[in-house]
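Undergrad: Sharing a structure, written as structure tokens. Questions coming.
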Amino acid sequence: MDRFCRLPPELRAAVVEHVVDHWRHGDDSDSIADYALVCKEWQAIVERFNFAVLRVTQANLDDFETAMVGSRRGIVRQINLHVELPTYDNDPCEKKETWEDKAENNVCFTRAFYRLFHIMSRWSADDVTSGGIHFTLSISSPSDLRNANFELWQRRRWNIKDIGEKRFADSWIDFVGQDEEFDRVNRLPAVSVIRSFTLSPQNHRALMPAAHADIVARLPGLQEACFDITKDRKKETRKIHFNQFAGSMSNWPITLKSLTMASNTISSWRQIPHEALAEGDSGAKLCERLRSTAQHLKHLNVTNVVRIREFLRPHWPLGADDTEPFLAHRPYYPEFWHLETLYISYGSIWYNTEWHKQGDNINESSELVEFRQNVSLAAARMAYTMPRLKHMTVKQRPLMWAGKHELEYRVEEANEKPSKATLTWTSTFDFKPWERTVEAWTEVAARYAGVKLESRVKSAAWHTDGRAPLLPSLTF
């Protein structure tokens, strides 16, 4: 050790970092923490790796609070909170969750969240790495099928009595004290050092939609948010959930620059979800909040969450009297000053529910043709209020009988200046945009990019299996 200490500091650091890299990429499962006990020099290097990404659970929150003091807070890059729910009989699992089970799950979730946020609420921007901390969330029970070892997983899958994840298919994880009938009360401590928040349904139980919004609302320094919200199968319940989510959005921080929000689909692609029937529950309130939030965003990505007509409502064509690229009585002042990219994927369309009595091809239905034309024109009018827009995509979810339909507007740059603007429609059926729609998009490119627009329509291959569609769909 004496000879090692005589080496220059740079060489000593390189040796220790090599040891750390060997451990990271090797097969040794032993903890590297013991190397930190050699000396303070080794401790600083080892901790820089050990504390960069932390997995926090209810069981180690005390250790987290004790260890994360002083300069160690500046080492943390990412915190992964895993809420471990109570175990249950799972060999086999034959019963769905009871109300008592659901209440116990919510208590576990609430305690873990409140404790972590209470600890981190005392952290300041000077304590942590520049740019803040990435925060991810996962929720599951050790007894869940996804957490089973291979032998147990195989045994459960072959047991016809085992209901698997149907045990909690009708359950929601939420903060204790919330009620679907009343406005939500957000008592979470504010944490200012979290830069991004990510949550995916692939690694957790279904979290109440409004709980996502409540978490974002208590992160005043948040810049990026990415999550999936799960829709309930009951239409009235979905309506309550969406409205509560929208209500909590009013308290979101203006520091937020990037929002990616997606949701599941309940109908199969063989169905043809109708806007009036399928999505009457995700309407004005949520879309209004999204448009309001987008005014300070740089990037917005929304997949299968809202009705496209409701999202574009302020710019939707007004009927037979609306024959120009833009409405004469509207000034079209810049509204979304910072928005650079906008991606909207919608899951339902508007059509005559008796189209099949008039012809075999729903894409030739006059109401659906007009609906798609209106989407393109309304998108152009909305883009006319986005000075920094570089990329917009408005995409219909692929449907067996309604095919694919997508609009993409892109501004390319050379030497940090706009050099080219393109507008592309991609469809699996014959589509010809209105002339005034192309004129509107031409004005968008000229107003902000200062370049001439190149537009085209692309045809994409599409095949049905010949089986009749399910009409109409009451879900989406």
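Values in this text are rule-based calculations from the coordinates and carry no lab data. Everything quoted here is computed from the prediction, not taken from an experiment. We place every Cβ from the backbone using ideal geometry, glycine too, and count neighbours over all the protein chains shown.
Undergrad: Could you please rank LEU470, LEU116, placing first whichever residue has the fewest other Cβ atoms within 10 Å of its Cβ?
TA: LEU470, LEU116
Undergrad: Oh, and also: Note the full-extension length gain between LYS452 and THR66 as 0.36 nm times their separation in residues minus their Cα-Cα distance, in nm to one decimal.
TA: Contour length minus the Cα-Cα distance gives 132.9 nm.
Undergrad: Same structure again: Once the mean 1/r over all distinct Cα pairs of the chain is inverted, what Kirkwood radius in angstroms do you read off? Before the final figure, lay out each step's value.
TA: Numbers: mean 1/r = 0.0390 Å⁻¹.
Computed over Cα pairs of the chain, the Kirkwood hydrodynamic radius comes out at 25.7 Å.
Undergrad: Taking the 0 to 90 degree range and rounding to the nearest ten, how far is the long axis of helix 99-120 tilted relative to the main principal axis of the chain, both from C-alpha atoms?
TA: So the inclination is approximately 70 degrees.
Undergrad: A follow-up question, please. Within segment 109-149, list the residues whose amide N lies under 20 Å from a label point set 7 Å along Cα→Cβ of TYR88.
TA: Within reach of a label on TYR88, which here means backbone N under 20 Å from a point 7 Å along Cα→Cβ, segment 109-149 contributes 109-112, 138-149.
Undergrad: Sort 335-346, 147-158, 85-96, 214-225 for me by packing, meaning the mean count of neighbouring Cβ atoms within 10 Å per residue, highest on top.
TA: By packing density, highest mean first, the sequence is 214-225, 335-346, 85-96, 147-158.
Undergrad: Check ILE272: other-chain or 5+ apart residues with amide H under 5 Å from its amide H, H built from backbone geometry?
TA: Hits under the 5 Å cutoff: LEU470, SER473.
Undergrad: Further, regarding this structure: Within segment 372-402, find all residues whose amide N lies under 16 Å from a label point positioned 7 Å from the Cα of LYS257 along Cα-to-beta-carbon.
TA: 388-390
Undergrad: Please list the non-local residues whose amide H lies under 5 Å from the amide H of THR303, H modeled 1.01 Å from N, same-chain partners needing a gap of 5 or more.
TA: For THR303, whose amide H was placed from the backbone, the distant partners under 5 Å are MET261, ALA262, SER263, SER345.
Undergrad: Now, a different point. Excluding ASP127 itself, what net charge comes from residues whose Cβ is under 10 Å from its Cβ, given Lys and Arg +1 and Asp and Glu -1? Each step should come with its number before you reach the end.
TA: Working: positive: ARG72, ARG73, ARG122; negative: ASP126.
Within the 10 Å Cβ shell, the charges total +2.
Undergrad: Per residue of the chain, what 222 nm ellipticity follows from adding -39500 (n - 2.57) for every DSSP H run with n ≥ 4, rounded to the nearest 500?
TA: About -9000 deg cm²/dmol.
Undergrad: Which of rounded, prolate, oblate describes segment 52-256, given a ≥ b ≥ c as roots of the alpha-carbon gyration tensor eigenvalues and a/c under 1.5 marking rounded, otherwise prolate only if a/b is larger than b/c?
TA: Taking the square roots of the gyration eigenvalues as a ≥ b ≥ c, segment 52-256 is oblate.
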